[in-house]
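All of the numbers you see were taken from the coordinates with simple rules; none came from a lab. Just so we're clear, the structure is a prediction, and the values are computed from it rather than from any experiment. Methodologically, a virtual Cβ is constructed for each residue, glycine included, from the backbone with ideal geometry; neighbour enumeration extends over all protein chains shown.
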Amino acid sequence: MTASRARPLIELLAMNALVALDLWLPWDAEFQPLRWLARAAAAALWILSFRRRGRDRTKVASAGRAWTEAALMTAVIAAILIAWLTGTRESYDEPALTFLGSTSTLATWSFRRFALAALQQLFLQLFFFAVLREVLRPAPAALAAATLFGLCHLPSTALAIATFLAALVWIALYRRSRRLAPVILSHAILAALASITVPERLFYELRAGARAVESLPTYRLLAGRDTRALLRQVTSDDYFDAHGGTDRGYLRALFRDLLGRPAAPDELTRWIERTAHTSRPATARALITSAEALAAGPFEHRLLDYRPLKPGVQATAGEPLRYPAASIAWVDGPYFLEGFSIAEQNLRWTQELIARLVYPIRRVARERPYVVRLTAGAHGRQKVEVVLNGKSIARFELEGITPQVRTARFDDALLHPGANIVELRIPNAAPTGDDPRHLGLAFVTLSIQPVAEGE
């Protein structure tokens, strides 16, 4: 190997090693001196290599042509990106617009995007491609430089592929014009577009190396099939409506379904305020990626087993519901949608004027009447109306905390295979003493069964 080829290859190996150190060193404080040393060495190597190669004598294209070509290619790449996102986005994906919080935040975000684009293009065009061009023909050199550029954006495979393809375009633009400014602006615009529109599960928020590895469990969780199915469900209008159509009811359901526990009063207040300033999908994503949710185990079938969907949604073999064997009891937490307190000894109090639960039914016995059986006590004397899928089917009166059984028949046409919503309306429920809950019924069990033949 001649000296003219050896030196560029040594420079490439050294630069790759320094970039790898910068990207993959942990971000703990003890590694920061080594990271800054690697950055300083990379900058020195860039300068030395640039001086060795001397100034590029290739004719510079007109500014108008350079900017026009860059603008056209940027528009084409942006259109391809948006078309790709159309087929990959989920219903709950939202633009990442946190940088719009204030003028200073927007300015900082914009400056950072432009500075990173300029730095990366300096290394891509004036080091990697330029050095590779010394040992390879133009096309292989461009391919190799784009490959190295894409590998620098791992561990996100999607981001690595996207930056590899974009680098090919940027190298071609620079080779045609020898003007760096249009390419830098193109890079900054596309990076900004990607950071706003591409979900974090795909491009890892444009993070690479150790920065991305820090949040890799979260990114992989969000990319998982079960997590995406769960988020589609809990961010749907059906789910919101099934839990009262209010942020309070929605958040109570999220805590129960994602964290497996009721929300504390202060938590509920805090998350209601947060949801009001962001969105329901943002709240669901924040809860599902919280340390508490991750510690609860895999999300597979966590919610699919008892889908609180609109009445009439059909159950299928691929979407199992947990069907109660005989009745829903006070201990069966997943079925209680809202308006119920936590389970106590042998009962569960209703704590609002309306309490809702979901009652899954595998199949409905048609042309046979059904009977609802409610076993419950009461706080004092309470009137209760039972509403099934939006239709009133019974009115009872209960007195005293001792469990009492109340039954009522109704037509099978009110039931649907799958999820059925039962409302218990207790208009006289009220707080007592220091207890802020609107105590109404001391719920024990509820069953919905076809009337036995001969009854």
Given charges at Cβ of Lys, Arg, Asp, Glu: the range 3-216 dipole, positive-most of 181, 208, 8: 8
Nearest-20 debye value, the range 328-450 charge dipole, Cβ charges on Lys, Arg, Asp, Glu: 480 debye
Equivalent ellipsoid dimensions for the range 328-450 as semi-axes, Å, which come from the Cα gyration tensor, largest first: 25, 14, 12
Relative contact order (%) - the chain, alpha-carbon pairs under 8 angstrom, separation at least six: 12 percent
Positive dipole terminus of the chain, leading residue within 114, 265, 389 (C-beta point charges): 114
Extension gain from residue 353 to residue 270, taking 0.36 nm per residue of separation minus the Cα-Cα distance: 27.6 nm
Interchain or long-range residues, amide H under 5 Å from residue 420's placed H: 359, 361
Taking 147, 350, 402 and counting other C-beta atoms within 10 Å, the order from fewest to most: 402, 147, 350
Ordering of 428-440, 279-291 by packing [mean C-beta count within 10 Å, highest first]: 279-291, 428-440
DSSP H segments from the chain that extend 15 Å or more along their own axis, Cα-based, with Kyte-Doolittle mean of 1.0 or above: 63-88, 138-151, 157-177, 180-197
186, 341 arranged by Cβ crowding within 10 Å, fewest neighbours leading: 341, 186
Cβ charges +1 (Lys, Arg) and -1 (Asp, Glu), total dipole of the range 189-235, debye: 140 debye
Residue order, fewest to most surrounding Cβ atoms within 10 angstrom, among 163, 197: 197, 163
Dipole magnitude of the chain, debye to nearest 20 (Cβ charges: Lys/Arg +1, Asp/Glu -1, about Cα centre): 2580 debye
Descending Cα extents along the principal axes, the chain, whole Å: 99, 48, 41
Linear extension gain, residue 96 paired with residue 366, 0.36 nm per residue minus alpha-carbon span: 92.2 nm
Nonlocal amide H pairs with residue 430, under 5 Å, H built at 1.01 Å: 439
Under 5 Å, built H, 5+ apart or other chain: amide partners of residue 338: 356
